[in-house]
1. What FRET efficiency do you get for B:Arg124 and A:Val73 if R0 is 22 Å and r is their Cβ-Cβ distance, rounded to the nearest 0.05?
2. As a footprinting exposure proxy, order B:Asp18, B:Asp120 by other Cβ within 10 Å, with the fewest listed first.
3. How far apart, in nanometres, would the label points at B:Arg60 and B:Ala192 be if each is projected 7 angstrom from Cα along the Cα-to-Cβ direction?
4. What are the semi-axes of the equivalent ellipsoid of region B:146-202, taken as the square roots of 5 times the eigenvalues of the Cα gyration tensor, listed largest first and rounded to whole Å?
Amino acid sequence: MKSPPLGTTRERRPMDCNDVAARVWDWLDNELGADEWADIEAHLHDCTGCTEHVAFARHFLDRVRVATPAGDVGSLRERVRAALRDAG
Amino acid sequence: VNGDRAAGTPGAGGSGDDPFERETLRFLPDLLRFATSLARDPVEAEDLVQETYLRAFRARDTFKPEAGARQWLFTICRNVFLRGKERDRWTVASIDDDPAEETLGAIAVHEAAQAGGYEDVYDRIDFGPALRKALEMLAEPFRVVFSLVDIGGLEYAEAAKELGIPVGTVRSRLFRARRELQEHLVAFARDAGIVPPTAGGA
């Protein structure tokens, strides 16, 4: 889990579901400023629908990040090893 | 530079007592995943991995262990791939989409999945091969941004710098790539009869 950025005390309009929906990727990627990050966090605390959107999006990214490579790792490893020995 | 000599190198099957090999070859699966997402076809991806290792080997004296071998290899791999292309391939003016619209498109994929009762679609498909197939369907500028950020682990600003494009363009390309990939994955699941025939549009 990403650590929250430093918060601020400035008063802001609460985000609605559309605001949050448009920022789901930025939020998951930790690419938002502290204010927006905190606003979304607050909205998600109370909104099941947006929480489910975020969970679905996060699941996609999680699957992407652990997806197995398509190629044959074993034979490529031997090929690279042979090339390194030729080079050395 | 595809090596025919890849096949059968007697004696190369050992665990490897060379320090360079020991330190770097364990990241080969990660690197192949990254290269496979960058390159369009598997042959290019494997060549890219091999070239990465050869360059790393030649530059091994400059390696700083504190930076981490994995990150070092990823950087070399990225450089080999990107420097092998014309720069204007990435900077060319393109019709970039609205990032917020693209994000809402991804939300729509989820809403359809909820309505169709297949929210677990990514667990129902053979994800790795399906992702590979979906990546092949993406136009290169979108695929490369996705690869740098989602497989390579770069921040938006870092990817922008690598490609020489604005951060806003990275965002719009990344979000479009993710939206399209999700749509393709759902379409594959639909074609395979894993989710209802009406799912995911056409």
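Bear in mind that the values in this text are calculations on the coordinates, not laboratory data. What you see is a predicted model; the values in this text were computed from it and never measured. Reconstructed Cβ throughout: ideal geometry from the backbone, glycine too, with neighbour counts over all protein chains shown.
1. Plugging the Cβ-Cβ distance into 1/(1 + (r/R0)^6) gives 0.30.
2. So the residues, fewest neighbours to most, are B:Asp120, B:Asp18.
3. That separation, rounded to one decimal, is 4.1 nm.
4. Sorted largest first and rounded, they come to 31, 11, 6 Å.
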